[in-house]
């Protein structure tokens, strides 16, 4: 009995030391990871927004829209819309937002740039942890996401769902996740009146 208690105490101490060590490492690395994620988001925003006004130095301003529907509640995320303008003019030239959708093995995040009338001007995958060699191929623009350019919300449907977008071979779940999440974001923006209201600094902002 004494030997068992000794072993149990040793195991408890080992677990405690490991937990403290992990906590210490996490406290040191968490801020660095957060910064890297923010830099990746900013880079993606700049990348897709160039399609709206190539060659210009763009400004990004978050929009606060009362009553805006959240289409991503199931992913524990919200629809956050950013206005794009070309300084010194503050009039918007388009929008960017991140579409969230539960894929086969991860929540896929897609950065989307949108024209004022509601058509997609560019997209890029911001985050995914789908199956390597299958769903993870979503990071290759030619596999799926470049097919969204020029489409509106009603056109964002896979062929299998009655639309005109072909899913990636063997990756229907991931393809549908990205397609549906982008469409949901566009629909929420449309219902909020962002694609029909005048380009002024009042209204929804």
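What follows draws every value from the coordinates through simple rules; no lab data is involved. Because the structure is predicted, anything quoted here is derived from the model rather than measured. Here the Cβ positions follow ideal geometry from the backbone for every residue, glycine too, while neighbour counts run over all protein chains shown.
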Multiply the residue gap between residue 154 and residue 86 by 0.36 nm, knock off their C-alpha separation, and tell me the result in nm, one decimal place. 21.6 nm
Of the listed peptides 115-128, 79-92, 179-192, what is their order by residue-averaged count of other C-beta atoms within 10 Å, with the highest listed first? 179-192, 115-128, 79-92
Between residue 47 and residue 13, take the C-beta separation as r, use R0 = 41 Å, and let me know the FRET efficiency to the nearest 0.05. 0.25
In whole angstrom, note down how far apart the Cα centers of region 76-99 and region 136-160 are. 21
Order these peptides, 58-64, 131-137, by their mean beta-carbon neighbour count within 10 angstrom, highest first. 131-137, 58-64
Take the Cβ-Cβ distance between residue 22 and residue 78 as r, set R0 to 35 Å, and report the resulting FRET efficiency rounded to the nearest 0.05. 0.70
